[in-house]
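Let me begin by presenting the structure, written as structure tokens, before commenting on it.
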Amino acid sequence: MIIDCHGHFTTAPPQLAAWRERQIAAFEGGGPAPDPGELVVTDDELRAAVGENQLRLMDERGSDLTVFSPRASFMAHHIGDFAVSSAWARICNDLVHRVSLLHPDRFAMGAMLPQSPGVSPATCLPELVRAVEELGAVGVNLNPDPSGGRWTAPPLTDRGWYPLYEALVAYDVPAMIHVSTSCNPAFHTTGAHYLNADTTAFMQLLQGDLFADFPTLRFVIPHGGGAVPYHWGRFRGLAAALGGPDPEELLDNVFFDTCVYHQPGVDLLTRVIPSRSVLFASEMIGAVRGVDPRTGHFFDDTKRYVDATPHLSDQERDAVYRANALRVYPRLAARLAAAGR
């Protein structure tokens with residue numbers, strides 16, 4: 001089995017975006033928010049949305065199951081207030097949940113949290129509980145910068161995040177550290193803000209001692225860890241200068257995915273980062289959707305790179321494709337075991 005730990009519902013039916021536009025317009029204009037019940041998406045529309053897109057590509061590229069969450073750029077936690085984010089998260093989570101029910105063998109739900117700038121992360125707990133207990137979420141996306149590129153939130157090691165971490169540990173659910181749209185023109189959303197955030201999150205963890213308080217807390221840092229593997233020597237040197245442990249000691253709690261869109265990048269990732277801390281992912285139909293003219297293959301067909309890298313043994317490759325995900329996402333492992341898979 002090949003498990004893709006990083007997928008988003010980027011192909012949701014257009015009425016989802018239309019409802020969101022109405023919600024934003026109502027907030028900005030001071031009018032009443034639209035009723036979530038006015039958003040009507042049929043099962044057939046959901047089947048078509050993934051059948052012609054994600055499922056087709058999964059079959060063509062050879063992956064079996066995707067941890068599937070709401071579209072990252074649509075989270076846009078900086079828009080509106082907590083009430084806006086709460087209604088929006090609920091709607092997006094419900095749609096992804098329905099996709100996972102329609103295709104239970106192919107999708108496992110990852111949830112969005114209703115974060116809002118300046119609001120305690122503890123306010124996310126009701127939706128986290130609902131997502132796990134009622135919707136069957138196996139993971140969540142955690143935005144370290146709800147301000148959308150202004151970076152007003154405290155670092156991930158701050159105790160203000162602890163109520164959320166306590167719940168994640170209690171449910172044994174990992175968090176993917178994933179920012180959303182950038183409203184700062186200095187940071188392109190997917191080319192700069194995403195990768196900056198991946199790197200920043202790791203450095204925040206290196207500066208603190210979070211896992212002493214939460215030894216079973218697990219984070220997935222996407223997009224190959226941003227600049228982290230490429231600058232591994234810098235992080236080792238900084239850790240020594242700060243009097244902290246070698247950064248490899250974080251890798252029992254921190255995992256990087258393979259959303260790196262060329263062969264040399266995956267080769268470096270798998271050479272520098274131990275295989276036990278790498279999870280297969282593609283973020284297909286995401287930020288980079290085109291065909292690489294040098295290879296004739298889609299940039300986000302990451303399985304080709306993992307298959308070809310010389311830095312993994314067969315056993316290590318199996319860990320990247322399957323075993324690590326089952327360890328990091330125990331609720332997914334339990335679900336697959338119950339289904340005899």
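The values are calculated or read from the model by the stated rules, or taken from the named source; none is laboratory data. Quick caveat: nothing in here was measured; it's all calculated off a predicted structure. Quick reminder, even Gly has a Cβ in these numbers, built from the backbone with ideal geometry, and neighbours come from all protein chains shown. Just so you know, the surface numbers come from the protein's heavy atoms only, side chains and all, with ligands and any DNA or RNA stripped out. Shrake-Rupley method; radii C 1.70, N 1.55, O 1.52, S 1.80 Å.
What's the number of the condition Val140 fails, among (1) open to solvent by 10 Å² or more (accessible area, probe 1.4 Å); (2) touching a residue at least 24 places away in the same chain (Cβ under 8 Å)?
Of (1) open to solvent by 10 Å² or more (accessible area, probe 1.4 Å); (2) touching a residue at least 24 places away in the same chain (Cβ under 8 Å), only one is false for Val140: (1).
Tell me which residues, restricted to the range 95-124, are open to solvent by 40 Å² or more (accessible area, probe 1.4 Å) and either among the hydroxyl-bearing types (Ser, Thr, Tyr) or more than 22 Å from Ala333 (Cα to Cα) (or both).
Passing the criteria: Pro117, Gly118, Val119, Ser120, Thr123.
Being of a type outside the set (Lys, Arg), under 30 Å from Gly208 (Cα atoms), over 21 Å from the mean Cα position of the chain (by Cα) and buried (at least 17 other Cβ atoms within 10 Å of the Cβ): is that true of Asp257 here?
On the way: of a type outside the set (Lys, Arg): yes; under 30 Å from Gly208 (Cα atoms): yes; over 21 Å from the mean Cα position of the chain (by Cα): no; buried (at least 17 other Cβ atoms within 10 Å of the Cβ): yes.
So Asp257 does not fit the description; no.
So Asp318 passes all but one of these: (1) over 23 Å from the mean Cα position of the chain (by Cα); (2) open to solvent by 20 Å² or more (accessible area, probe 1.4 Å); (3) modelled with pLDDT of 95 or more; (4) not small (Gly, Ala, Ser). Which condition number does it fail?
The one condition Asp318 does not meet is (1).
Which of the residues that make up the range 176-201 are assigned to a strand (DSSP E or B) and touching a Ser or Thr at 6+ places or on another chain (Cβ under 8 Å)? Talk me through it step by step, then tell me what you get.
Going through the range 176-201, the residues assigned to a strand (DSSP E or B) turn out to be 176-177.
Of everything in the range 176-201, just one residue is assigned to a strand (DSSP E or B) and touching a Ser or Thr at 6+ places or on another chain (Cβ under 8 Å), namely Met176.
Take the residues of the range 227-254 that are within 18 Å of Val328 (Cα to Cα) and outside any loop (DSSP other than H, G, I, E, B): which is nearest to the chain's Cα centre (by Cα)? Break it down stepwise before answering.
Start the filter on the range 227-254 by keeping residues that are within 18 Å of Val328 (Cα to Cα), which leaves 248-254.
Add one more test, that the residue is outside any loop (DSSP other than H, G, I, E, B), and what stays is 248-252, 254.
Numbers: Glu248: 22, Glu249: 22, Leu250: 19, Leu251: 17, Asp252: 18, Val254: 13 Å.
Among residues in the range 227-254 that are within 18 Å of Val328 (Cα to Cα) and outside any loop (DSSP other than H, G, I, E, B), the one nearest to the chain's Cα centre (by Cα) is Val254.
Looking only at the range 59-77, filter to residues that are in contact (Cβ under 8 Å) with a residue 60 or more places away in the chain and open to solvent by 50 Å² or more (accessible area, probe 1.4 Å); which one of those is farthest from the chain's Cα centre (by Cα)?
Here is the first cut: in the range 59-77, the ones in contact (Cβ under 8 Å) with a residue 60 or more places away in the chain are 61-77.
Add one more test, that the residue is open to solvent by 50 Å² or more (accessible area, probe 1.4 Å), and what stays is 64, 71, 74.
Values: Asp64: 18, Arg71: 9, Phe74: 13 Å.
Looking at the filtered set, the residue picked out is Asp64.
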